[in-house]
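Presented below is the structure to which this report refers.
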Amino acid sequence: MKTNIKDVLLYFSLKYDGVFKDEFNALAENEEINIDEFIKLRKNIKHKYITVLDDKYPDFLKTSNCPPFVIYYEGNLKLIDSDLPVKFEVLESGHRMISTVAPYEKNGKVVFDYVVGCENDKELTKLIDHIHSKGLELKDYSKHKKKELER
């Protein structure tokens, strides 16, 4: 399997559970990539993701101090660079998360377009479960998720 730099970023993100310092050290020390381990780790990704090298990576994050190498996310990534208020904070786990919402009306009901992202795929699952438990009417991205994960 041929790897590119985006695969390298993804590998270290998965291997080190999204801990920026560990990912940075692995890159700085030219740590070798175990292709078999990468294939195994990649199979467990549950969400869409984007690397700092992707064109669609939000400018808001690029201009932050130590932008995450990889963000796992659900929702509309374009909302981060809109004029909406953005929440970018460190969770108790130490992982950084980002989120924002944009209300709109659909069939007489208020629905929220949203994005929530995190440096750790498993932590993102917890965040999304928490958001869905609030009972808000959220735009459904589940049909988009399958297409994106089939990279």
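Set side by side, the residues 46, 56 differ, and just one is open to solvent by 70 Å² or more (accessible area, probe 1.4 Å), in contact with a Phe, Trp or Tyr (Cβ under 9 Å, 6 or more places away or on another chain), part of a loop (DSSP other than H, G, I, E, B) and not acidic (Asp, Glu), which is 46.
Residues in the stretch 80-124 that are within 21 Å of residue 55 (Cα to Cα) and open to solvent by less than 20 Å² (accessible area, probe 1.4 Å): 80, 97, 98, 100, 114, 115, 116, 117, 118, 119, 120, 121.
Among residues of the stretch 68-88 that are under 20 Å from residue 129 (Cα atoms) and free of Cβ contacts under 8 Å to residues at least 24 places away in the same chain, those with a beta-carbon under 8 Å from a residue that is of a type in the set (Gly, Ala, Ser) and open to solvent by less than 70 Å² (accessible area, probe 1.4 Å) at least six positions away or on a different chain give the pairs 87/99. Pairs linking a residue in the stretch 1-25 that is open to solvent by 60 Å² or more (accessible area, probe 1.4 Å) to a residue that is assigned to a helix (DSSP H, G or I), with Cβ atoms under 6 Å and 6 or more positions apart or on different chains, are 1/35. Residue 41 satisfies every condition listed in (1) in a loop (DSSP other than H, G, I, E, B); (2) under 20 Å from residue 126 (Cβ atoms) except (1). Look at (1) part of a loop (DSSP other than H, G, I, E, B); (2) surrounded by 14 or more Cβ atoms within 10 Å (Cβ to Cβ); (3) not acidic (Asp, Glu) and you find that residue 131 fails only one, number (1).
The values are calculated or read from the model by the stated rules, or taken from the named source; none is laboratory data. On a predicted model such as this, the values are computed, not experimentally measured, just so you know. As a convention, Cβ positions derive from the backbone with ideal geometry for all residues, glycine included, and neighbour counts pool all protein chains shown. Ligands, DNA and RNA are stripped out before the accessible areas are found, and what is left, the full protein with its side chains, is counted by its heavy atoms. Shrake-Rupley method; radii C 1.70, N 1.55, O 1.52, S 1.80 Å.
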